[in-house]
Every structure is written in C-alpha cells, then in structure tokens.
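The values are calculated or read from the model by the stated rules, or taken from the named source; none is laboratory data. Everything numeric in this text was worked out from a predicted model, so none of it was measured. Positions of Cβ are backbone-derived with ideal geometry, glycine not excepted, and every protein chain shown enters the neighbour counts.
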Amino acid sequence: MTKPLVSIIMGSDSDLPVMQETAKMLKYFEIPFELTIISAHRTPERMIDFAKNAHKRGIKVIVGGAGGAAHLPGMVAAISPLPVIGVPIKSSNSIDGWDSVLSILQMPGGVPVATVALNGAKNAAILAAQIISTGDPSLQEKILTYKAELNESVMEKVKKINAGF
C-alpha cells in the first residue's frame, strides 16, 4: 500500500459529506491520502499526537475540516510543521457558516492556516495537490491537464450560449 501524502481530518462524522470532496479530488490526481476523525474538543490528546507526528509518517499536507467553533485546523497548525488547509463547514450548530470561516481564517501571526471557501473541500484538495506538485513534475502535469479541462469546459458553455442567440 502506498503511504499517504495528504491527511484529511475532520472534527466529526457529520463533516464527512463535505470532506469526501477532498478525497474525490485527491483520487483524481492519484495522490494517496488518509481520512479520519480527530476532534479538537473531544479527543485533544489524539489531536496533539497526530499534529506532532504526521510529518514523521510522510504526510506532506493536512486538510482539516471543521464546523461550528472550527478549532481543529488552527490547533493542528499550531503544533505541526506541515502546511494546513482549513475547510470551514456549515454545520448544524453553525451561524450560517460564518463562525467556522472566521475561526479558521483569523489565525494569529505565526500560525498560518490556508483557508478555502465555506464547504470548499474540493479546492482544498486542489491546493494540496499544487503544494505537493512543487516537487513532483508528473503531478504538476496532471494539474495543468486539469486546468486545461476547466478551460475547455467553460469554452464549451460559451459555444452553447452563443449558439442560442
């Protein structure tokens, strides 16, 4: 089995429907990953152990999804030397998601967390792939192909719209 390069973590299994989008995109780019639940509030020792040791296991990027108070990405970033990408999640106890967005976005100086849009797990995977691709030319080619496919998709829609007028 290939060692994971990306760790996808979330505070609760209720975050899984959103965070599955990270897993789907990493599969698309053929990047090995792991996926688990780590609660900053309910399993703090597990979170600390994970954050201290992820880089020792070969993880290159951590993608952390969290709703509500959304402390998980920031707490992991405070401990880990790895880049952390936070995915704010609109959860059942969320205030339209703004509490999650601001909890992840407003980190103090010295503890950066890259933050994607609310429920933006797909973009978190793409950013993780781009970070890893700085040292992997074949992965960078996959990303360039993906971006070309995005361009082509938009241009097809332009043709469709123009054909209707």
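Brief remarks follow.
- The set of residues in the stretch 48-66 being over 18 Å from Ser103 (Cα atoms) and either touching a Pro at 6+ places or on another chain (Cβ under 6 Å) or assigned to a strand (DSSP E or B) (or both) consists of His55, Val61.
- Some residue of the stretch 55-68 being surrounded by 12 or more Cβ atoms within 10 Å (Cβ to Cβ), touching a Gly at 6+ places or on another chain (Cβ under 6 Å) and either assigned by TED's automatic domain parsing to the domain that holds Met25 or more than 21 Å from Leu5 (Cβ to Cβ) (or both): yes
- Filter pass, Glu45 being part of a strand (DSSP E or B) and surrounded by fewer than 19 Cβ atoms within 10 Å (Cβ to Cβ): no
- Where helices (runs of 4 or more DSSP H) fall wholly inside the stretch 80-165, the ranges with 2 or more residues that are within 25 Å of Phe50 (Cα to Cα), touching a Pro at 6+ places or on another chain (Cβ under 7 Å) and modelled with pLDDT under 95 are 98-105.
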